[in-house]
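The values are calculated or read from the model by the stated rules, or taken from the named source; none is laboratory data. This is a predicted model, so every value here is computed, not measured. Positions of Cβ are generated from backbone atoms using ideal geometry, with glycine treated the same way; all protein chains shown enter the neighbour counts.
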Amino acid sequence: MNAIPAQIAEVPRIALVSPPGPSGLPHPLVMATAAFMGLEELYAVGGAQSIAALAYGTESIEKVVKITGPGNAYVTEAKRQVYGNVGIDSLAGPSEIMIVCDRQDIPVDYLVRDMLSQAEHDPDAGAFLVTTSEKQAKKVADRIIKLIPELPRREIIEASFKNRSAIILAKDMEEIFEIVNELAPEHLEVLTKEPFNDLYRIRNAGAIFLGPNTPEPVGDYFAGPNHTLPTSGCSKFSSPLGVQDFVKTSSVISYSAERLQSQGEQIIRFAEEEELFSHAAAIQARLDNL
């Protein structure tokens, strides 16, 4: 998710960090994927210490220019602290999903399983359902309560539902999308009667999944768009990771003698109004020589 946009942008050096497993090496699938992609730098380090290593350099890891990718709360705080010494993509918080639904024909298990799939990430992950049906809300809540004891990641899911998850009852579709745009979720599933029409009512969301056959895991693993996404309301002002995050621009300016002569006096007046007289003198020196 992070390396491919960098490769498309032709970033000359890409370093990958991944926590070591019991063998002391990163997970075999991570190593295989890195090899498949032609990544030549892979370091067995994770957590906040990996951010410090990339930002400042060590005896074995050369410092980088920009750090991208999500992590836990410690990784996020480390990225915040090194920002300015290096660039970062965003300060990603715990993962979250919001499902909006105004259809009674959607199977309850679709809603329940999609909420659980996000809640199992992390005790601080968020799973939200916004519905116009009190009956549907109750069915979903009852089903979640019944299923949680059977799940392998039960303790994590229980903590998620206790800490940062909710079923929200909205009075109508207008209120549903007011909630969506205010909370600006990382993942948004739109299970409405007209999801493609409703797309135009959404201003703030990281990734949008339209229709009942597009659950969030298809975006996690297979659909294609980058899944390094803004969280915790940050989609109000930021976008999913992309090639643009690895590209920068410079302004290029060149004046002819004729153009400087025609505009020089105006530039001098601007500079003098700000009492930056050496700015004005730099222009005047050239006008005197034309």
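Within the stretch 7-52, the set of residues being in contact with a Lys or Arg (Cβ under 8 Å, 6 or more places away or on another chain) and either buried (at least 16 other Cβ atoms within 10 Å of the Cβ) or small (Gly, Ala, Ser) (or both) comprises just one member, Ile51.
Looking only at the stretch 9-33, residues that are within 22 Å of the chain's Cα centre (by Cα), farther than 20 Å from Gly57 by Cβ and of a type in the set (Gly, Ala, Ser) come to 1 in all. From the list Phe237, Phe196, Phe177, the one residue that fits, being in contact with a helix residue (DSSP H, G or I) (Cβ under 6 Å, 6 or more places away or on another chain) and over 24 Å from His121 (Cα atoms), is Phe177.
Within the stretch 82-197, which strands (runs of 3 or more DSSP E) (wholly inside it) include 1 or more residues that are among the polar types (S, T, N, Q)?
In the stretch 82-197, 126-131 are the strands (runs of 3 or more DSSP E) which contain 1 or more residues that are among the polar types (S, T, N, Q).
Remark: pairs (first residue in the stretch 92-115, basic (Lys, Arg); second residue part of a loop (DSSP other than H, G, I, E, B) and at pLDDT 95 or above; Cβ separation under 7 Å; 6+ apart in sequence or on different chains) = Arg103/Thr192; Arg103/Lys193.
If you go through the stretch 57-73 and keep only what is of a type in the set (Ser, Thr, Tyr) and surrounded by 13 or more Cβ atoms within 10 Å (Cβ to Cβ), you end up with Thr58, Thr68.
Evaluate the following for Gly219: is it surrounded by fewer than 18 Cβ atoms within 10 Å (Cβ to Cβ) and either on the phi < 0 side of the Ramachandran plot or in the same structural domain as Ser117 (by TED's automatic domain parsing) (or both)? Before the answer, list the steps.
Values: surrounded by fewer than 18 Cβ atoms within 10 Å (Cβ to Cβ): no; either on the phi < 0 side of the Ramachandran plot or in the same structural domain as Ser117 (by TED's automatic domain parsing) (or both): yes.
Considered against the rule, which asks whether it is surrounded by fewer than 18 Cβ atoms within 10 Å (Cβ to Cβ) and either on the phi < 0 side of the Ramachandran plot or in the same structural domain as Ser117 (by TED's automatic domain parsing) (or both), Gly219 comes out as no.
Contact map, the stretch 1-20: residues that are over 14 Å from Leu54 (Cβ atoms) paired with residues that are acidic (Asp, Glu), Cβ distance under 7 Å, separation 6+ or inter-chain. Pairs shown: Pro5/Asp245.
Scan the stretch 130-153 and give yes if some residue there is among the hydroxyl-bearing types (Ser, Thr, Tyr), surrounded by 11 or more Cβ atoms within 10 Å (Cβ to Cβ) and closer than 14 Å to Leu116 by Cα, otherwise no. No: the stretch 130-153 contains no residue that is among the hydroxyl-bearing types (Ser, Thr, Tyr), surrounded by 11 or more Cβ atoms within 10 Å (Cβ to Cβ) and closer than 14 Å to Leu116 by Cα.
Taking every residue in the stretch 250-264 that is touching a residue at least 24 places away in the same chain (Cβ under 8 Å) and pairing it with any residue that is charged (D, E, K, R) and assigned to a helix (DSSP H, G or I), at least 6 positions away or on another chain, the pairs with Cβ-Cβ distances below 8 Å are Leu260/Arg286.
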